[in-house]
1. Where a ≥ b ≥ c are the square roots of the eigenvalues of the C-alpha gyration tensor, would you call the range 29-181 rounded, which needs a/c under 1.5, or, failing that, prolate if a/b is larger than b/c, or oblate?
2. If you take the charge dipole of the range 129-327 about its Cα centre, with +1 on Lys and Arg Cβ and -1 on Asp and Glu Cβ, which of 195, 317, 179 is farthest toward its positive end?
3. Could you tell me how far the Cα centroid of the range 177-211 sits from the Cα centroid of the range 303-326, in Å?
4. Could you provide, to the nearest whole Å², the per residue accessible area of the range 129-327 with probe 1.4 Å?
5. Under a GNM of the chain (C-alpha, springs under 10 Å), which listed residue has the highest mean-square fluctuation: 283, 174, 71?
6. Residue 99: which aspartates and glutamates have alpha carbons under 19 Å from its alpha carbon, excluding same-chain residues fewer than 8 sequence positions away?
7. Write down the percent of antiparallel bridges among all DSSP beta bridges whose residues are both part of the chain, to the nearest 5.
8. From the C-alpha coordinates alone, can you work out the Kirkwood hydrodynamic radius of the range 224-329, in Å?
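The values are calculated or read from the model by the stated rules, or taken from the named source; none is laboratory data. Bear in mind the structure is a predicted one, so any value in this text is a computation, not a measurement. Positions of Cβ are backbone-derived with ideal geometry, glycine not excepted, and every protein chain shown enters the neighbour counts. The accessibility values were calculated without ligands, DNA or RNA, using every heavy atom of the protein model including side chains. Shrake-Rupley method; radii C 1.70, N 1.55, O 1.52, S 1.80 Å.
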Amino acid sequence: MALSSRCGAFRTCRRVLERAFSLYKAHSIKDMENTLQLVRNIIPPLSSTKHKGQDGRIGIVGGCQEYTGAPYFAAISALKVGADLSHVFCASTAAPVIKAYSPELIVHPVLDSPGAVHEVEKWLPRLHALVVGPGLGRDDALLKNVKGILEASKARDIPVVIDADGLWLVAQQPALIQGYRKAVLTPNHMEFSRLYDAVLRGPVDSDDRHGSLLRLSQALGNVTVVQKGERDILSDGQQVLVCSQEGSSRRCGGQGDLLSGSLGVLVHWALLAGPEKTNGSSPLLVAAFGACSLTRQCNHQAFQKHGRSTTTSDMIAEVGTAFSKLFET
Ligand SMILES: NC(=O)C1=CN([C@@H]2O[C@H](COP(=O)(O)OP(=O)(O)OC[C@H]3O[C@@H](n4cnc5c(N)ncnc54)[C@H](OP(=O)(O)O)[C@@H]3O)[C@@H](O)[C@H]2O)[C@@H](O)CC1
Ligand SMILES: Nc1ncnc2c1ncn2[C@@H]1O[C@H](COP(=O)(O)OP(=O)(O)OP(=O)(O)O)[C@@H](O)[C@H]1O
Ligand SMILES: [Mg+2]
């Protein structure tokens, strides 16, 4: 008797949990769909009256002796998403390698020159957004130049996506982006912990990802932060969005570079569209949600074709169809 009543209670409990889970799932699918609709609203229409450059001139700051793939992935992703021109500002040793990967990129071998800041500054008036960090490395001289480039970009109100070693620099000197509302940070697991520790002077509470993210964004003066992971969580210090677009279990290097390069373009489009098109949500948050969904969808599609041998180049080959599937329905 006691056993059967316990079994009944167990079944009821299971039904309640299943219902709660299906409601939660339905709710999050609805939330995801609503946010995807906001991403669709910020995408500029293709038009025969536009000239080259109008849909985006993006600059990637990164690329050193060791890392040439990361800035390439970011820059080519920006083009594949729909930017018209993609510039890479890198160390002189990286430039011929990056140029050889692709004739589509404009490559400036300036980052390790004494006049690096001035050389990049000359281009700033023509750029709509910068992506700072993919393949930058941690050489002090390069980081010092990048600090100057960030300051010059802020002075011109240019939106910046900060990723990889750009986040290393920000963890050393959070004041560099403190309160700059046109910055989006895209940390992976490790980069988030490092940044959190540097800004909040304590370890991340791994049981409270949302709270940790909110605290970090708020402590940085409501800078938008995208914490990448099994689910991506995004916040501007007020709202928290979750992106759980289906990807795959393949974790090859370079996926984060695809994300930050795509985000460079989407940030530009979102700011151009403004909050009327994003229904009051932060345009940068909507742009970030778009880049996360796109990266994960590319991963999903590439994995369907290549399985375990999927690499970031396979994902980049999926950008066009993934973009259409998510945003042009
Ligand atoms: N082809 C190219 O040119 C590419 C170049 N790239 C460039 O490399 C540079 C350094 O970037 P990064 O991400 O490797 O640096 P960093 O912050 O030291 O993290 C590494 C450490 O974090 C850890 N770790 C990571 N994830 C974790 C997790 N989920 N959970 C737990 N731990 C985790 C992991 O720990 P491990 O497993 O080794 O113990 C590892 O030690 C940067 O310029 C970037 O752009 C890349 O873009 C790839 C393609
Ligand atoms: N465990 C996971 N399951 C599903 N997707 C994930 C997982 N971890 C990361 N991703 C996705 O992979 C993409 C890149 O995130 P990741 O954490 O690999 O960045 P990263 O370490 O900066 O990459 P990179 O190698 O380019 O530096 C993001 O779109 C994220 O959503
Ligand atoms: Mg990375």
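1. Details: a/c = 1.69, a/b = 1.35, b/c = 1.26.
Taking the square roots of the gyration eigenvalues as a ≥ b ≥ c, the range 29-181 is prolate.
2. About the Cα centre, the residue reaching furthest to the positive side is 317.
3. The range 303-326 and the range 177-211 have Cα centres spaced 29 Å from each other.
4. Values: 7620 Å² over 199 residues.
On a per-residue basis, 38 Å².
5. Residue with maximal mean-square fluctuation among 283, 174, 71: 174.
6. 66, 84, 112, 119, 257
7. On the way: 7 of 28 bridges.
So the antiparallel bridges amount to about 25 percent of the total.
8. 14.0 Å is the Kirkwood radius here.
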